[in-house]
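Everything on this sheet refers to the single structure shown next.
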Amino acid sequence: MNNKKKDIRALTKAQLREFFVGEGDKAFRGNQVYEWLWSKGAHTFDDMTNISKDTRQKLQEHFVINHIKVDRMQKSEDGTIKNAVRLHDGLIVESVLIPAKNRTTACVSSQVGCSLDCRFCATAKLKRMRNLNPDEIYDQVVAIDNESRLYHNRPLSNIVFMGMGEPLMNYNNVLKAIDKITSPEGLGMSPKRIVVSTSGVPKMIKKMADEEVKFKLAVSLHSAIDEVRTSIMPFNATFPLTDLREALEYWYAKTKNRITYEYVVWDGINDKRKDVEALIKFCKFAPSKVNLIEYNPIDDGEFQQAHSSAINMYVDMLEANNITVTVRRSRGKDIDAACGQLANKS
Ligand code: SAH
């Protein structure tokens, strides 16, 4: 019986209005319920206090509200919080709250597991189980917004799609979630405060450009040499750098939004002069900046962070070529909440 009921949050506002009209009620009732489901974040029909008891009963007969549940919250010494989030079917994803001086960032997941096979990433060791629904992505953001207000006395200010999964392999749902996050009927956040991070799926980058999305794009580059990139990110064999480059040029031409390249420097893998030279060349194709991220070791010890001299070489050479570069420290390492460490260990 229960599993015949539909997830009410899979309905658009128009569909909800139609439902009420079909039940002989006013279309406006659909707006009220929609507001409860999204901007007011109701977890049960009984939360909807301005809806009559009979109507709530009717909703109960037809629908369920599949809300996520924060199963476990861990706090790092540096204030980072990691949520293990249970989905309606029992699967778990993780999301992270990263506090900084003037901002709070939510790092959210887009898939259970991941479609890709980056060899340095803990999430890649998990099989991709399924894509997250728009509401499951939205709920992670709401949970972190609440935690930010509770523990840091301020609302969430930024969102990065850098949790588990490859957002562009769950494109439609990620875009629907962002629509809700940015709409006044949802959280009303500015799309400029949202970053979608991808390993680089050329076709989808072009599609995003065509749809003139307003959020920012980050690409996990890690190497601008095909041979090296394929050895650490095997899917690069299918989506080689020339295709990626072409898609990024297209992205910039359409959106005029510069691209951030995420980049880890590993000992013996991409720590030579020729690696930096290739990166500099790649950065010239479209306006971009480079974020050098610290490597967070995952258990097998195969990869090691490069020596600081190699990092300094990257910074010096990039700057000498007028490319903006930042060196980002890891957050939440002690609770396995840093980049690439999300793997449901608990
Ligand atoms: N699939 C998307 C988003 C998830 S990964 C993407 O690839 O961009 C978020 C970032 O963490 C990516 O830049 C990824 O390359 C990086 N990352 C993965 N494993 C890491 C690790 N062990 N240490 C540091 N960064 C890592």
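The values are calculated or read from the model by the stated rules, or taken from the named source; none is laboratory data. The structure presented is a predicted model; accordingly, all values stated were derived computationally and were not measured. Every residue, glycine among them, receives a Cβ derived from its backbone with ideal geometry; neighbour counts consider all protein chains shown. All accessible areas refer to the heavy atoms of the entire protein, side chains included, with ligands and DNA or RNA removed. Shrake-Rupley method; radii C 1.70, N 1.55, O 1.52, S 1.80 Å.
Quick look at the numbers
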quantity: Helix axis angle, 28-37 relative to the chain longest principal axis, alpha carbon, degrees; calculated: 50
quantity: 0 to 90° range, to nearest 10: angle between helix 13-22 axis and the chain longest Cα axis; calculated: 20
quantity: For the chain, the longest site-free run once GluC sites (Glu not before Pro) in DSSP loop states with at most 13 other Cβ atoms within 10 Å are removed; calculated: 78-210
quantity: Helix-only [θ]222 nm of the chain, DSSP H runs n ≥ 4, -39500 (n - 2.57) each, per residue, nearest 500; calculated: -10500 deg cm²/dmol
quantity: The chain - Cys residues lacking any other Cys C-beta under 4.7 Å; calculated: C107, C114, C283, C339
quantity: Rounded to the nearest 10 Å², the accessible area of V327 at probe 1.4 Å; calculated: 90
quantity: Formal net charge of residues neighbouring A10 (Cβ-Cβ distance under 13 Å; K, R +1; D, E -1); calculated: +3
quantity: Å² per residue, accessible surface of region 224-322 at 1.4 Å; calculated: 48
quantity: Nearest-ten-degree value, helix 308-320 long axis tilted from longest Cα axis of the chain; calculated: 90
quantity: Cross-link pairs beyond the 30 Å C-alpha cut-off, checked among K4/K206; K40/K216; K101/K206; calculated: K4/K206; K101/K206
quantity: In region 253-343, chymotrypsin sites (Phe, Trp or Tyr not before Pro) in a DSSP loop with at most 16 other beta-carbon atoms within 10 Å; calculated: F285
quantity: For the chain, the longest site-free run once trypsin sites (Lys or Arg not before Pro) in DSSP loop states with at most 16 other Cβ atoms within 10 Å are removed; calculated: 128-213
quantity: Percent antiparallel among DSSP beta bridges (both partners in region 69-335, rounded to 5); calculated: 45
quantity: Partners for K203 among aspartates and glutamates (Cα-Cα distance below 13 Å; same-chain residues under 8 apart left out); calculated: E211, D243, E246, E249
quantity: Carbon plus sulfur fraction of accessible area for region 69-335, probe 1.4 Å, in percent; calculated: 49
